[in-house]
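Engineer: Take this structure, written in structure tokens, and hold onto it; I'll ask about it next.
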Amino acid sequence: MSSRKKALLKVIILGDSGVGKTSLMNQFVNKKFSNQYKATIGADFLTKEVIVDDRIVTMQIWDTAGQERFQSLGVAFYRGADCCVLVFDVTAPNTFKSLESWRDEFLIQASPRDPDNFPFVILGNKIDLDNRAVSAKRAQQWCQSKNDIPYFETSAKEAVNVELAFQTIARNALAQETEAELYNEFPDQIKLNANDNGRNRDGDNCAC
Amino acid sequence: MASTSKDVPAVVIQDNPPDDLEPGACHDSILNPTDSFEEFASEMSSSLQERNISLATKSSTISEIQSEIGENSAPMKPTKSSDDLQTKDESISASTSNSNLTEQNGDDTDTEKDDYLQSPELVNKEKHVFILSSAGKPIYSRYGNEDKLAGLCGVIQALVSVVEEQNQDILRSISTNDCKAVFLVKGPLILVAVSKSDESETQLVLQLTYAFNQIVSVLTLTQLNRIFEQRRNYDLRRLLSGAERLIDHLLIFMEKDPAFLLGAVRCLPLPEKARENITNAIQTTCNKIRDLVFAIMLAGNQLITLVRMKKYTLHPSDIHLLFNLVRSSESFKTAESWTPICLPKFDSTGFLHGHVSYISEDCQACLLLLTVQRDAFFPLSQAKHTIADKLRRSNCLVAINDALNRNEELPTTNPLKHIGIPEIRHFMYKCKSTAQLFTSDPISLDKLQDYRLRHKEGGDIMEKKVEKLSDIDYVRNYRKFCSSIHCTSTPAKLIFRSNSCDTILAWVTNGFELYVTFDPLMEKDQAIKAVDRLLKWIKKEEQRIFIMHAPTF
């Protein structure tokens, strides 16, 4: 399997409104931060190339609106995602509590093939602020209880852990991809005899 | 000014030239008769549900053939398509929110991210084509780097799905002042054309359908559906790598060749005897090979002959894909190839296996032997050499070369000179029942090469006025006549338009379609007389310019 192949990852960012989803993305993609709050309408789309283990990966980042009135856009956005980033604000406990429902919502809408192992990453944002209300321990515990979701504490403003978090996101999503590939080599050629038809994807159908 | 048939004196609809069949028509056709616009008519009229149903793969022609031959005892079961995937998603409740989708934020970060869309690779192109998965992942972009267009693909996917999910409707097109964006959602793919050309929405839909069929031709519909059924996030570029070239060429091909506009196939004009000999050579050599479904000889995007298994005919659109395959693949010139080919109209569920080779180094005719047997390379290779020998002995190679090199002595090389009506500048004739096409100035191989090169670096909108019109320019002019004649709401039978540049007559009957360009300010009755003589000439030469037999093995 060649490692030179290009890869493209669809990454969805979810979380309550105002937790800093767009700011994190801007920090990651454009290395910029603005204190001004502007609500995202519907969704924003950004791309960024990163290098993971010598492989060039294009991250197609779908920054969604946190406001409830845009939630109906769900299915379309979640469909075919490679990774989901859940963001909360460490100074606002209710945004942390929402993580559970964001995660459930995503799994229902996106209905990934293997929900238990779907790559999520949790970001606790705004650690640069003084009025912290959700402890790192509490967040970590929750992440562990959800099949060990990786957890990062970030500051979009001061660019703390942002790069690292997105690197991890890309890496975990890629890991899924290669894993799936082992079980699922598509044959170049369909054979027209009946037993090759449909269901069997055990990888035995490329015996020439 | 355009005027429809009503203004034209009844004299026009004269008796067809003798023999009561229109020029080019014969009782048996190798090709499926087409109505130029059938494809988009069906595409445009379908609702969301119908669309999902229509994509469900049908029973397989290939397995039908196989079971008739008795090779593979068990017939293939119809395969499940991925379309239930779509219906599953539909259950979302509509919300009343004003769903403003795309980019907001007027700050500087936005201008940065849009930079690529303003780059010279993308700006000022006449027509863009984007193909993405229903997850919004880029698969193909005609220009530029599709990786960098991932953001745009996200927007396209969002637009398509909002219309689908919130309004239970299909997004077909968006028009702005000088630009049309046409959308085609087919199975797990979304195809978009963004065009500043004068092509109609339906013509663009047709082109997108062809692009889709080109992908199916590489993968089969079964495979395509199955991939996305299993992994919706699949990056299809991995399976299509190498096939982008086919789509590139197809898009150029469609802009240049009227065959696409009319859903017909151009034939290489040949003396009747020569074509007969070629057909006989193939028939006699291949009639013992039981798995052979089609034997097709072509040259320069023109059909020389097609011999087929009884009961089966080909759709022109499948032949166009074969033309495209041959023209885009230099490697066929140097070696005999064995390649899986799916012909979507014939059977979208499986591959035929093709032996593809050029007849000889001194003749640019290419022979395709398509079979359902996947290890028939050697017998077919043997057959090919036998055929090539026979053709050489019977001087057929010379005849083919003469036609390809447009030997001046052939009446079909410069038909306008032979017809002797100086006012006619150009014409294009399609016989509907056989789906074959003839134009007065067929694009030669060299010219196609030129256009290919020119287009490779360009594709830009050109303001420059050309001095001498080529076949391609005339065909461009026919586009809007073609779409008004086929307009579903108010179809016309005949359009006559005269102005200071030229006079154009477009005429469609049950049997044929005809487009003629005359000198400017031509009178109607004059034009009609000329057309009458033109039809007589076509009738006289029909044995040369069309394939009038439908031989089988």
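Just so it is clear, none of the values below were taken in a lab; they were calculated from the coordinates. The model shown is predicted, which means the values in this text are computed figures rather than measured ones. All Cβ positions, glycine included, derive from the backbone under ideal geometry; neighbour counts span all protein chains shown.
Engineer: Sorting A:K157, A:K38 on the 10 Å Cβ count, fewest up front, what's the list?
Structural biologist: Numbers: A:K157 19, A:K38 11.
Arranged by neighbour count, lowest to highest, A:K157, A:K38 become A:K38, A:K157.
Engineer: Counting Lys and Arg as +1 and Asp and Glu as -1, what is the net charge of the other residues whose Cβ lies under 10 Å from the Cβ of B:A295?
Structural biologist: Working: positive: B:R308, B:K384; negative: none.
Net of charged neighbours comes to +2.
Engineer: Sticking with this one: Could you pull out the pairs from A:K6/A:K137; B:K345/B:K536; B:K127/B:K540; A:K157/B:K186; A:K6/A:K38; A:K6/A:K32 whose alpha carbons sit more than 32 Å apart here?
Structural biologist: On the way: A:K6/A:K137 38 Å; B:K345/B:K536 34 Å; B:K127/B:K540 40 Å; A:K157/B:K186 43 Å; A:K6/A:K38 34 Å; A:K6/A:K32 27 Å.
Over 32 Å Cα-Cα: A:K6/A:K137; B:K345/B:K536; B:K127/B:K540; A:K157/B:K186; A:K6/A:K38.
Engineer: Now, a different point. Applying 1/(1 + (r/R0)^6) with R0 = 22 Å to the Cβ-Cβ distance of A:E49 and B:E121, what FRET efficiency is obtained, to the nearest 0.05?
Structural biologist: Numbers: r = 17 Å, r/R0 = 0.75.
So the FRET efficiency works out to roughly 0.85.
Engineer: Taking θ as phi - 60°, what are the ³J(HN,Hα) couplings along region B:133-148 by the Karplus curve (6.51, -1.76, 1.60), each to the nearest whole Hz, with x for Gly and Pro?
Structural biologist: 7, 5, 7, x, 8, x, 10, 8, 9, 5, 10, x, 9, 5, 4, 6
Engineer: Report the local net charge at B:S141: Lys and Arg +1, Asp and Glu -1, summed over other residues whose C-beta lies under 10 Å from its C-beta. Working shown, then result.
Structural biologist: Working: positive: B:R142, B:K148; negative: B:E121, B:E146, B:D147, B:E244.
Here the charged neighbours net out to -2.
Engineer: Here is a further query. Using amide H atoms built in the peptide plane, which far-off residues or other-chain residues are under 5 Å from B:T552 H to H?
Structural biologist: Those lying under 5 Å, H to H, from B:T552 are B:R308.
Engineer: Right, here's the next one. Through the Karplus equation 6.51 cos²θ - 1.76 cosθ + 1.60, θ set to phi - 60°, convert the phi angles of region B:167-177 into ³J(HN,Hα) values in whole Hz; use x for Gly and Pro.
Structural biologist: 10, 6, 9, 10, 7, 9, 7, 10, 10, 10, 2
Engineer: Right, another one. Can you give me the Cα centroid spacing of region B:169-210 and region B:496-537 in angstrom?
Structural biologist: Cα centroid to Cα centroid, the span is 31 Å.
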